[in-house]
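Structure record follows, encoded as structure tokens.
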């Protein structure tokens, strides 16, 4: 049973890892498009609203869909004055309680409260308010509930790993839980 829980946690980690690595390429696209916008503006005295909006779209997508990857690698800001000095089992308790009492309710709220917002956007295939802007606002808004789901899935991995460690079954050495983490 413990092996199956470890495998499930590893599968959830792989999802966050794959998503994060794919999304990371969007930052390169953002840099290249920003360079293009600057060249258009200062060398050719031109511009493109769609290109400028695409930078914002990409930034929002990287931020939202990369959140689970960042959580997996313990990259979110936290006050760890005491956490870093705790034993691995105490850290597991902190992670477990933080995930169940904070992460899951917040992500559940974000998911539930965004559904009507996203559905309304899809119903009208919402586009940019700017002439010449992008017509995919409804796609961008879809990233909100997807972000919440990805965070919930990564939170499930954290819960499983915490429970395994608390129960005396540390995670298999083959699965990395991120830098600076002992879970």
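Modelled with pLDDT under 90 and crowded, with 19+ Cβ neighbours inside 10 Å: which single residue out of 179, 171 fits that description?
Of 179, 171, the one residue that is modelled with pLDDT under 90 and crowded, with 19+ Cβ neighbours inside 10 Å is 171.
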(request) Kindly indicate which of 18, 24, 9 is in contact (Cβ under 8 Å) with a residue 40 or more places away in the chain and loosely packed, with under 14 Cβ neighbours inside 10 Å. (result) 24
(request) State the number of residues belonging to the range 38-53 that are within 14 Å of residue 133 (Cβ to Cβ) and without any contact (Cβ under 8 Å) to a residue 60 or more places away in the chain. (result) 3
(request) Collect the residues in the range 120-148 that are closer than 21 Å to residue 102 by Cβ and either surrounded by fewer than 15 Cβ atoms within 10 Å (Cβ to Cβ) or touching a residue at least 40 places away in the same chain (Cβ under 8 Å) (or both), keeping them in residue-number order. (result) 144, 146, 147, 148
(request) Specify the residue that is nearest to residue 137 (Cα to Cα); the eligible residues are those in the range 99-119 that are loosely packed, with under 15 Cβ neighbours inside 10 Å and in contact (Cβ under 8 Å) with a residue 40 or more places away in the chain. (result) 108
(request) Being loosely packed, with under 14 Cβ neighbours inside 10 Å and outside any helix (DSSP H, G or I) is the filter here, so list the residues in the range 66-98 that pass it. (result) 76, 77, 78, 79, 80, 81, 82, 87
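The values are calculated or read from the model by the stated rules, or taken from the named source; none is laboratory data. As the structure is a prediction and not an experimental result, all values here were calculated from the model. Note that each Cβ is placed from the backbone with ideal geometry, even for glycine, and that neighbours are counted across all protein chains shown.
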